Amino acid sequence: MQCRKIFYVLLIGVMIISVYNIVGNLLNHAYDINGNAVNTAYNIDGDVVFQDGIPIPIPSGDLTASETVALPDLYQIGKGFTCTGLSYDSTTDTYLVGDIGAMQPGESYHSQIVKMSSDFLTVEETIPLHETISTFGIIQGLTVDSKRGTIWVCSTSENLIRQVDYQGNPISSFSTNNDSPTGIVYSSHDDSLWVLTYGNKIVHYSVTGNILNSYNFAYSETLDQCFLDEYRGLLYITAGVNYTGRNNVYCFNISTHEQSIACTVDSYSVEGIWLGDDDKMIIVNDGYYHSAVVPYNQANIYTIE
């Protein structure tokens with residue numbers, strides 16, 4: 001059985017990123033003690049040493065979108081909707097995108113979550129927030145909780161992180177202590193949440209709202225959305241209010257706390273970010289709302305080579 005093969009791990013610094021067998025071939029499958037295939041394997045310290053499928057790409061350099069997809073219309077013809085956070089639901093192969101429910105500044109907000117097909121062309125359904133939570137204002141970040149089968153959202157005007165079900169009904173919440181949350185991502189590795197705030201903090205929370213650690217963002221941009229590469233322990237961040245020039249994607253190493261610029265992208269109104277199979281990075285833009293140089297609400301898709 002393949003599970004009995006001797007293997008060794010490739011180390012980069014202290015970060016374990018890949019598992020190889022004794023002849024140096026990258027393992028394509030991992031098994032538990034009973035011979036059952038597993039999608040993820042950990043070492044004794046809880047680090048991921050194997051993940052099934054194609055590893056998440058590492059973006060670098062100056063990137064130009066290989067494809068742009070206009071978001072489907074919800075309110076006005078040809079305008080899509082004002083997107084905020086972005087998360088992927090592997091159980092249904094769909095993307096969840098935040099929608100503030102307003103097309104222009106000054107309009108009333110009617111926040112909801114939009115479940116979209118994997119090609120961003122079709123709205124599968126909408127999940128209400130404004131209707132189910134009367135005090136809910138503006139949705140910013142959102143993330144799928146793979147352990148509980150729920151969704152965590154940033155309720156920015158309430159200074160709350162809220163957990164809701166797939167009908168938008170509230171389950172739990174905790175305060176961010178008057179520091180408005182904007183980006184959020186769930187970590188299955190330690191059942192926790194990474195949260196970005198408008199106070200330019202990167203905060204590590206337990207799911208009950210206890211602060212595990214807090215870090216100052218090292219750059220002058222305003223924090224926005226994030227994606228966690230659990231395979232390598234890298235938090236990718238979109239940030240800034242730059243609507244006329246290229247934007248940076250930043251990287252925060254959750255182990256060493258090192259911060260850097262990962263890449264620059266031709267997204268002029270950066271919002272949610274996702275990286276995954278087929279060497280793709282997706283950044284949604286709400287350019288219409290912000291009258292950006294590219295004034296469209298769209299998904300920009302980048303191919304990482």
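Taking the listed residues S111, S118, the one that is polar (S, T, N, Q) and either surrounded by 14 or more Cβ atoms within 10 Å (Cβ to Cβ) or over 30 Å from A41 (Cα atoms) (or both) is S111, with no other qualifying. Taking N200, is it on the phi > 0 side of the Ramachandran plot, of a type outside the set (G, A, S) and surrounded by fewer than 17 Cβ atoms within 10 Å (Cβ to Cβ)? Considered against the rule, which asks whether it is on the phi > 0 side of the Ramachandran plot, of a type outside the set (G, A, S) and surrounded by fewer than 17 Cβ atoms within 10 Å (Cβ to Cβ), N200 comes out as no. Does region 140-147 contain at least one residue that is over 22 Å from T197 (Cβ atoms) and out of contact with any His (no Cβ under 9 Å at 6 or more places or on another chain)? The answer is yes; a qualifying residue exists. Look at (1) farther than 22 Å from I237 by Cα; (2) under 17 Å from the mean Cα position of the chain (by Cα); (3) among the aromatic types (F, W, Y) and you find that Y109 fails only one, number (2).
Of the strands (runs of 3 or more DSSP E) contained entirely in region 205-281, those carrying at least 1 residues that are buried (at least 21 other Cβ atoms within 10 Å of the Cβ) and at pLDDT 95 or above fall at 223-229, 234-239, 247-253, 259-265, 270-276. The condition (being part of a strand (DSSP E or B), in the same structural domain as S269 (by TED's automatic domain parsing) and in contact (Cβ under 8 Å) with a residue 24 or more places away in the chain) is satisfied by just one residue among I151, I133: I151. On inspection, D73 passes the criterion of being modelled with pLDDT of 95 or more and either closer than 19 Å to H189 by Cα or not in a strand (DSSP E or B) (or both). With respect to the conditions (1) assigned to a strand (DSSP E or B); (2) exposed (fewer than 14 other Cβ atoms within 10 Å of the Cβ), D190 lacks only one, and its number is (1).
The values are calculated or read from the model by the stated rules, or taken from the named source; none is laboratory data. If you're wondering where the values come from, they're calculated on a predicted model, not measured in any experiment. Note that each Cβ is placed from the backbone with ideal geometry, even for glycine, and that neighbours are counted across all protein chains shown.
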